[in-house]
Structures are given as structure tokens and as C-alpha cells.
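Everything on this sheet refers to the single structure shown next.
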Amino acid sequence: MNRTAKIIFRVIGAIAILCAALGLYYSASSLATSFSGAFTAFESRHDTPYFYPAFYIMSAICIGCYALLIIFGVQFIRGRAFHVGWFTSLLTFEIVYFFSLAMLWLAPSIGMSVAAATGVANGGLMAQFLILFPLWAPPLAFWARRHVNESTNVA
């Protein structure tokens, strides 16, 4: 395996695991806050009857993304290049998911509930978005996979 490609896979894997761990911590904190009843006063004061269903669905989606990100991160640290396409699909899904939520804010009956739940449920994705991980990690992973394949074909 090309040494540079191996390093790139390990760095991407480590960052993916770190972002996923931060996201899981955020989700666990917001779910604990929800289970304690802290959001009940907010829901009763504002017209957000679908806040809890939106919050729990978005939290489940985010937790699923974090779990997959950990799996891919571990595989990249191990030097496995097979999952680059799925990894890219996951990050593309996260981008589309995050920006499509804004469209739901405009829905007349559920818009305010979704808008209120978006920040609380999806805050864990910010670790990835602040460092622009979905933009630079897939091209680097594809580059590293190509170089891994070239080095295994030569040897």
C-alpha cells in the first residue's frame, strides 16, 4: 500500500470517528434533555405540536449516520479502501438531508415544529460541517483508494 494513501486513510478515519463521537455525545445530551422534560415548556408556549416526533426522527437519522461514520472510520484506519463509495454516499446524504430540512420549514402544518427541532436534533452534524469534512474527505478518499489499487496492481 502506498504510504501516503495509508496515512490519508488513517487521517480521514480518525477524523470521521472523532466527528461521529462528538455527534453521538451531542445527540445523547439532547435526548437526555428531552427525556427530562425540558422541552415541554417550549412546546406548550409555541405552536409546535409536532416538535417531539420531528426531534426523535431527526435524532434517529443522525445517530444512524454517526454509527455508519464510525464503521467507515474504523475501516479506513485499518486500511480498507472498499467502502469509499458508501462513505461518499453517506456524506452526500448528510448534506442533502441537512439542506432539505429547510424546505420542510416552509410546510404550513409542520414547519415550525421541524424548524424548532432542527437545531436541537442536528447540532451534532456541525462538527463535520464546520471543518467542511463532507467536501474534502470523499475526494481524498477516492484519491487514496486509487493509489492503493495502483500499488497492489504493481506488486
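None of the figures in this text is laboratory data; all of them are computed from the coordinates on show. Here the structure is a predicted model, which means the values were calculated and not measured. Cβ: placed from backbone, ideal geometry, glycine included. Neighbour counts: every protein chain shown.
Relative to the first principal axis of the alpha-carbon coordinates of the chain, what is the inclination of helix 3-35, with its axis defined by its Cα atoms, in degrees from 0 to 90 and to the nearest 10? Taking the Cα atoms of the chain, the angle to 3-35 is about 10 degrees.
Of all the options Phe55, Phe133, Phe72, the one that moves most in a Gaussian network model of the chain with Cα springs shorter than 10 angstrom is Phe133.
Near the amide H of Tyr50, within less than 5 Å, lie the amide hydrogens of Ser113, all on another chain or at least 5 residues away, with H placed in the peptide plane. For the chain, the spread of Cα coordinates along the three principal axes comes to 67, 29, 20 Å, biggest extent given first. Ellipticity at 222 nm from helices only: DSSP H runs of n ≥ 4 in the chain, each -39500 (n - 2.57), divided by the residue count, give -27500 deg cm²/dmol. Between 0 and 90 degrees, the angle of helix 84-104 with respect to the longest Cα principal axis of the chain falls at about 20 degrees.
Relative contact order of the chain, taken over Cα pairs closer than 8 Å and 6 or more residues apart, is 43 percent.
Let me check I've understood the local charge: for Gly13, count other residues with C-beta under 10 angstrom from its C-beta, Lys and Arg +1, Asp and Glu -1. What total comes out?
On the way: positive: Arg10, Arg78, Arg80; negative: none.
Charge balance in the 10 Å sphere: +3.
Across the stretch 76-82, coupling constants 3J(HN,Hα) worked out from phi with the 6.51/-1.76/1.60 Karplus curve, θ = phi - 60°, read 5, 5, 6, x, 8, 9, 5 Hz, and Gly and Pro carry x. Under 10 Å, Cα contacts only: if you run a Gaussian network model on the chain, which one of Ile57, Ile15, Ile77 comes out with the highest mean-square fluctuation? Fluctuation is largest for Ile57.
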